[in-house]
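Asker: Handing you a structure now.
The values are calculated or read from the model by the stated rules, or taken from the named source; none is laboratory data. This structure is a prediction, so every number in the text was calculated from the model and none was measured. With ideal geometry, Cβ positions are generated from the backbone for all residues, glycine too; neighbour counts draw on all protein chains shown.
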Number of protein chains: 2
Amino acid sequence: MFISKLFFPVLRDVSADAKLKSHQLMLKSGMIRQSTAGIYSWLPLGLKILKKITKIVCEEQDKIGAQEMLMPTIQSADIWKESGRYNDYGEEMLRIKDRQGRELLYGPTNEELITEIFRDNVKSYKSLPLILYHVQWKFRDEIRPRFGVMRCREFLMKDAYSFDLTKEDAIKSYNKMFLAYLRTFHRLELKALPLKASSGPIGGDSSHEFIILTDSGESQVYLDKALLDINIEKYDDSETSINAMVADYSKFYSATDEKYSKDEFESKVKKSDQVVTKGIEVGHIFYFGDKYSKPLKANILGKDGKNINSQMGSYGIGVSRLVAAVIEAKYNNNIMKWPLAIAPFEVAIIPLNNKSDPKSLDKGKKIYNELKANGIDVILDDTEESPASKFKNFELIGVPFQIIIGSKSVDDQFEFKELNGITENLSVSEIIIKIKKLKG
Amino acid sequence: MFISKLFFPVLRDVSADAKLKSHQLMLKSGMIRQSTAGIYSWLPLGLKILKKITKIVCEEQDKIGAQEMLMPTIQSADIWKESGRYNDYGEEMLRIKDRQGRELLYGPTNEELITEIFRDNVKSYKSLPLILYHVQWKFRDEIRPRFGVMRCREFLMKDAYSFDLTKEDAIKSYNKMFLAYLRTFHRLELKALPLKASSGPIGGDSSHEFIILTDSGESQVYLDKALLDINIEKYDDSETSINAMVADYSKFYSATDEKYSKDEFESKVKKSDQVVTKGIEVGHIFYFGDKYSKPLKANILGKDGKNINSQMGSYGIGVSRLVAAVIEAKYNNNIMKWPLAIAPFEVAIIPLNNKSDPKSLDKGKKIYNELKANGIDVILDDTEESPASKFKNFELIGVPFQIIIGSKSVDDQFEFKELNGITENLSVSEIIIKIKKLKG
C-alpha cells in the first residue's frame with residue numbers, strides 16, 4: 001500500500017470523552033469512527049488489525065479441534081423463552097419486533113441458538129466430543145457505552161461451545177480451551193492471566209476470566225505474583241501436559257473482585273507476593289453442565305441406550321475489544337508499536353525527501369516491490385510531507401519497523417529502525433531475512 | 001480434515017418448502033440450518049465455501065484499488081431521515097428502538113452511513129478518487145422469505161461506494177467496478193451478464209444488474225446472444241481496455257423485465273439471436289451523482305476552491321446468495337461439483353474398505369499428509385461406512401476431485417477421479433502437480 005492511497009483520516013485532536021489512550025489513538029490514527037452511541041465503523045487501518053487478530057484467534061481454536069461455523073446476529077425470542085433467559089437478561093438485550101410482530105433479538109451471546117442446533121442435528125454420543133465456534137457481531141445495549149470499542153454496544157466476539165458426554169470429558173474440553181486462550185494471547189504478545197471468576201448471567205459451575213493486567217482496566221484483580229512467571233510455551237497438546245498447566249495455574253491464588261476473599265488472599269499469599277492491580281477482561285470461559293441442554297431438551301443417546309443431556313461449556317473472546325486492549329498494553333512513550341503478528345503493516349518505507357530528491361522515492365518503490373515479493377506486508381510513504389510529519393504519522397500507525405531512505409543511506413545500506421528500539425544499517429536482503437525470521 | 005471429525009449433519013429428506021435445488025442441497029449436505037424464518041446458521045461446510053467466495057470478492061475489489069473497511073450492522077435512523085429514505089424504505093427495513101428510546105435500524109444498505117463517514121473525514125478533492133467497501137451482514141424484512149439463502153432476511157453483502165470529483169471520473173470508477181464484477185464471477189466459474197436495469201430504491205442515473213442465467217432464476221431477462229460470447233479475459237486494467245469492454249457489452253441489447261421494451265428488442269436483435277430466459281441477480285451497480293452527498297451535505301473543496309458535492313456510485317454483490325447461485329449453475333446429474341477455487345475441500349481421499357483392510361486407511365493418511373504439506377485443502381474419509389454410502393456423501397459435499405484407494409490401486413498408483421469427469425491412474429506426485437496446476 002502507498003500511504004497516499006490509504007484512507008487514513010488523521011485527527012490531531014479528539015473529544016474529551018475519549019479518556020482511554022486506546023480510544024484516543026484509534027480515533028487519531030483513523031482506525032475507527034463512531035457512528036452513533038457505542039456503535040463504530042472500522043476504517044481500513046483498524047479493520048486490518050481486527051482481521052489479523054481474528055485470524056490468530058481462529059487458528060488457535062482450529063488447533064484444538066474446534067470447528068468454525070457462523071450463527072446469525074438476529075435470533076428468535078422463542079429459544080430464549082425456552083431457556084428461561086428472555087426475561088432475566090434485562091435491558092441489555094436489544095429486543096426487536098419484525099413486520100409480522102414476531103419477537104426477535106440481536107444476539108448478546110449464543111448458548112440458546114447453538115444448543116438448538118445441537119438438539120436438531122446431533123443424536124448420539126458417537127458424535128461427541130464436539131466444539132463449535134463462530135466469530136460474529138453481538139449487541140449489548142449498555143446503558144452508558146464508553147471507552148471506544150472497549151465498552152461499546154455492537155462488538156465482535158469469538159464464542160465457542162463444547163458438547164460432551166460426561167462431566168469428566170467436559171472438563172477436558174474446558175482445559176483444552178484454557179490452553180488455546182493462553183496461546184492466543186501469547187501470540188498477541190499479551191500477558192493474560194486466567195482468574196477464577198463468577199459465572200454471571202451465563203451460569204455454571206466453573207469459570208475463568210482472562211485478564212490483561214493494565215492500570216486502565218475496569219476489573220480489580222488479586223493474585224499471587226508467581227502466576228506472572230508461568231511460561232505457556234512449555235505445555236504441549238497432550239492431556240498430561242494440559243492437566244499440568246491447569247494444575248500450575250490453580251496452585252496460586254487469583255481472583256476477580258466478585259470471587260475475592262480477603263481472608264483467603266492473606267492466608268494463601270505471602271505479603272511480598274501479593275499483587276493487587278487492575279486488568280481488562282478479554283476472555284471468559286464457562287463449564288455449566290446441562291444448564292441449557294436440559295431446558296432446551298437437547299438429548300442424545302448415551303452409551304447405555306438411554307437419553308441424556310450433553311455437558312456443555314462456552315468460551316468467549318472479545319475480539320474487537322482486544323484491539324483496544326493491545327493498545328493499552330503496548331502504547332509507550334506516546335508511540336504505538338504493534339506486535340508484528342497483528343501490525344497493520346509489518347514494515348514502513350520512508351523516503352525522507354521525496355520532494356527534493358525524486359530518486360529516493362524510486363528507490364523506495366524498488367524496495368517496496370522486493371519486500372512484497374517476499375510476502376512482507378509493507379507500506380510506502382510516497383507523500384511530499386516533511387520528515388517530521390512523516391514520522392509523526394507512523395508513530396500513530398504503529399508499524400513496528402521502518403526503512404528510512406535519507407542522507408544516511410549509503411549505496412545499498414539503509415537505516416532499519418525498530419520503533420522504540422535500535423537502528424541499524426542493513427541491506428534490503430538482510431532486512432528481508434530479519435523480518436522473515438521474526439515472523440517465524 | 002478427517003470426515004469423522006467434521007460436523008456435517010446430513011439430511012436424507014428435506015421439507016417440501018425447499019423447492020430450489022440449491023436450498024435442498026444446502027440443507028441435505030449440512031451447509032446451513034434455518035433458525036427462524038429467513039434467518040440461517042452456516043455450518044462448517046457452508047461457512048467454508050462462503051469464506052472462500054468472500055475472499056475472491058475482496059481480492060477483486062482490492063485489485064481495482066477499493067479499500068476494505070467495516071461498517072456496523074446497526075445504524076441510527078437520523079442519517080436516513082437526512083437522506084429522506086427513512087419513510088420511503090417501507091416495511092423491509094427492520095426498525096429498532098434501544099433502551100433509551102432512540103430509533104435505530106438494521107442496515108439494509110449503507111449509502112447514508114458511508115456518506116456520513118465521507119462527510120466527516122474527507123475535505124478536499126485531493127483525497128479523490130476514493131472507493132471503500134465492506135462485507136457485512138444486512139437485514140431486509142422480506143414479507144415472504146423463501147428459497148433458502150437466495151431470498152432470506154439476514155444476508156451477507158459486499159457493498160462498495162465510490163467518491164469522485166466529476167461525473168466523468170465517477171463513470172471511470174463505475175467502469176472499473178464493472179470489470180471487477182465480471183472478473184469476480186469469472187473466477188467463480190459463473191457466466192454473469194451485466195444488464196441495464198432500473199435503479200429501484202437506491203436511485204440514480206445509470207445501473208447494471210449482474211445476472212447468472214439459469215432456469216430457476218426469479219428475474220426475466222432479454223438479451224442478444226452475442227453477449228454470451230464475450231471473453232472477459234481479454235480486457236486489462238488500462239482505461240482504454242476498460243472502455244472497450246463497456247463498449248462491447250453496450251453494443252448488444254440486454255435488459256431485465258423493468259427496462260425491457262418489446263419494440264426495441266425486436267428491432268435491435270435478429271430473431272435468431274434473441275435470448276429470453278431467467279436469471280439470478282448476484283450483483284447490482286449504480287451511479288447516482290449527488291443523490292446522497294447533496295442532502296447529507298457531504299461537501300468537499302473543489303479545485304477552484306469552491307465547495308461541491310462529490311459524485312457517488314454504489315456497488316453490491318450478494319455474497320451469501322452467490323453460494324446458492326453457484327449450486328443452481330453447477331448442480332448436474334444429481335451431483336454437486338464445486339469450482340475448485342471455492343470447493344469446501346479440493347481433494348477427497350476415499351479408502352474404500354477401512355474395515356476389512358486397515359492398511360488402506362494408513363495409506364490414505366500418508367497421502368493426506370503429503371497433500372497437506374503441498375498446501376492442498378484435503379478431506380480424508382476415515383469412516384467404516386460402505387463404499388456406496390461414502391460416494392453418496394461426497395456427491396453431496398461436492399469435492400471436485402477424489403483419490404480412491406481400493407482394489408484398483410496398484411503399488412503407488414491410485415484412481416484419481418474428477419466428479420462428473422474422467423478417472424485416471426496417477427501417482428501422488430502426479431496428482432499434486434495436477435491440482436497445483438489447476439489452482440493456478
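Asker: Can you name the number of the only condition in (1) surrounded by 17 or more Cβ atoms within 10 Å (Cβ to Cβ); (2) at pLDDT below 95 that A:I317 fails?
Answerer: Only one criterion in (1) surrounded by 17 or more Cβ atoms within 10 Å (Cβ to Cβ); (2) at pLDDT below 95 is unmet by A:I317, namely (2).
Asker: Could you figure out which of (1) touching a Pro at 6+ places or on another chain (Cβ under 7 Å); (2) more than 8 Å from chain B (Cβ to nearest Cβ); (3) surrounded by fewer than 20 Cβ atoms within 10 Å (Cβ to Cβ) isn't true of A:F2?
Answerer: The single condition A:F2 does not satisfy is (1).
Asker: Now, a different point. Across the range A:115-125, what is the total count of residues that are more than 8 Å from chain B (Cβ to nearest Cβ) and not in a helix (DSSP H, G or I)?
Answerer: 2
Conditions tested, residue by residue: (1) buried (at least 16 other Cβ atoms within 10 Å of the Cβ); (2) farther than 19 Å from B:F163 by Cβ; (3) touching a helix residue (DSSP H, G or I) at 6+ places or on another chain (Cβ under 8 Å); (4) outside the structural domain of B:A160 (by TED's automatic domain parsing).
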residue: B:I79; (1), (2), (3), (4): yes, no, yes, no
residue: B:R95; (1), (2), (3), (4): yes, yes, yes, no
residue: B:E112; (1), (2), (3), (4): yes, no, yes, no
residue: B:V122; (1), (2), (3), (4): yes, no, no, no
residue: B:K126; (1), (2), (3), (4): no, no, no, no
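Asker: Still on this structure: Out of (1) in contact (Cβ under 8 Å) with a residue 12 or more places away in the chain; (2) facing chain A (nearest Cβ under 8 Å), the odd one out for B:R99 is which?
Answerer: Tallying (1) in contact (Cβ under 8 Å) with a residue 12 or more places away in the chain; (2) facing chain A (nearest Cβ under 8 Å), B:R99 fails exactly one: (1).
Asker: Looking at (1) in contact with a Lys or Arg (Cβ under 6 Å, 6 or more places away or on another chain); (2) more than 10 Å from chain B (Cβ to nearest Cβ), which one does A:L128 not meet, given that it meets all the others?
Answerer: (1)
Asker: Do we have any residue at all in the range A:258-267 that's assigned by TED's automatic domain parsing to the domain that holds A:S310, at negative phi and assigned to a loop (DSSP other than H, G, I, E, B)?
Answerer: Yes.
Asker: Something else now. Taking the conditions exactly as written (under 20 Å from B:S216 (Cβ atoms) and in contact with a strand residue (DSSP E or B) (Cβ under 8 Å, 6 or more places away or on another chain)), does B:V275 satisfy them or not? Quick ask: steps written out before the conclusion?
Answerer: Working: under 20 Å from B:S216 (Cβ atoms): yes; in contact with a strand residue (DSSP E or B) (Cβ under 8 Å, 6 or more places away or on another chain): yes.
Spelling it out, B:V275 is indeed under 20 Å from B:S216 (Cβ atoms) and in contact with a strand residue (DSSP E or B) (Cβ under 8 Å, 6 or more places away or on another chain).
Asker: Still on this structure, I have one more. Working only within the range B:53-71, note down all residues that are of a type in the set (S, T, N, Q) and more than 10 Å from chain A (Cβ to nearest Cβ). Steps first, answer last, please.
Answerer: Going through the range B:53-71, the residues of a type in the set (S, T, N, Q) turn out to be B:54, B:61, B:67.
Selection gives B:T54, B:Q61.
Asker: So how many residues does the range A:353-396 have that are touching a helix residue (DSSP H, G or I) at 6+ places or on another chain (Cβ under 6 Å), at pLDDT 95 or above and not charged (D, E, K, R)?
Answerer: 5
Asker: Scanning for something in contact (Cβ under 8 Å) with a residue 40 or more places away in the chain and within 30 Å of A:H23 (Cα to Cα), does the range A:289-308 turn up at least one residue?
Answerer: no
Asker: Any chance the range A:41-52 includes a residue that's of a type in the set (D, E, K, R), surrounded by fewer than 17 Cβ atoms within 10 Å (Cβ to Cβ), free of Cβ contacts under 8 Å to residues at least 24 places away in the same chain and more than 7 Å from every other protein chain (Cβ to nearest Cβ)?
Answerer: yes
Asker: Let me ask something additional. If you take the residues of the range A:136-186 that are within 13 Å of chain B (Cβ to nearest Cβ) and part of a loop (DSSP other than H, G, I, E, B), which of them is surrounded by the most Cβ atoms within 10 Å (Cβ to Cβ)?
Answerer: Here the residue is A:C152.
Asker: Taking the stated definitions as given, is B:I431 touching a Phe, Trp or Tyr at 6+ places or on another chain (Cβ under 6 Å), on the phi < 0 side of the Ramachandran plot and outside any helix (DSSP H, G or I)?
Answerer: Judged against the criteria, B:I431 is not a match.
Asker: Just checking, how many residues over the range A:315-342 are more than 18 Å from A:L47 (Cα to Cα) and out of contact with any helix residue (DSSP H, G or I) (no Cβ under 6 Å at 6 or more places or on another chain)?
Answerer: Qualifying residue count for the region: 6.
Here is a yes/no grid of residues against (1) assigned to a helix (DSSP H, G or I); (2) closer than 23 Å to A:K52 by Cα:
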residue: A:N354; (1), (2): no, no
residue: A:G375; (1), (2): no, yes
residue: A:E384; (1), (2): no, no
residue: A:F391; (1), (2): yes, no
residue: A:L396; (1), (2): yes, yes
residue: A:I404; (1), (2): no, no
residue: A:G421; (1), (2): no, no
residue: A:K437; (1), (2): yes, yes
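Asker: While we're on this one: Of the conditions (1) surrounded by fewer than 20 Cβ atoms within 10 Å (Cβ to Cβ); (2) touching a Lys or Arg at 6+ places or on another chain (Cβ under 7 Å); (3) in contact (Cβ under 8 Å) with a residue 60 or more places away in the chain, B:Q220 fails just one. Which one is it?
Answerer: (3)
Asker: So, in the range A:11-30, exactly how many residues are within 24 Å of the chain's Cα centre (by Cα) and either within 10 Å of chain B (Cβ to nearest Cβ) or of a type in the set (F, W, Y) (or both)?
Answerer: 1
Asker: Let me ask another. With (1) at the interface with chain B (Cβ under 8 Å from one of its Cβ atoms); (2) farther than 24 Å from A:M93 by Cα; (3) crowded, with 19+ Cβ neighbours inside 10 Å; (4) touching a residue at least 24 places away in the same chain (Cβ under 8 Å) as the list, and A:I74 as the residue in question, which single condition is left unmet?
Answerer: Unmet for A:I74, out of (1) at the interface with chain B (Cβ under 8 Å from one of its Cβ atoms); (2) farther than 24 Å from A:M93 by Cα; (3) crowded, with 19+ Cβ neighbours inside 10 Å; (4) touching a residue at least 24 places away in the same chain (Cβ under 8 Å): (2).
Asker: Separate question: In the set B:I117, B:I143, which member is of a type in the set (V, I, T), more than 16 Å from the chain's Cα centre (by Cα) and at pLDDT below 95?
Answerer: One residue alone meets the criteria, B:I143.
Asker: Checking the structure you have, find out if any residue of the range A:356-366 is in contact with a Lys or Arg (Cβ under 7 Å, 6 or more places away or on another chain) and outside any loop (DSSP other than H, G, I, E, B).
Answerer: no
Asker: Could you check A:I64 against (1) touching a Lys or Arg at 6+ places or on another chain (Cβ under 6 Å); (2) within 22 Å of A:D141 (Cα to Cα) and say which number it fails?
Answerer: The single condition A:I64 does not satisfy is (2).
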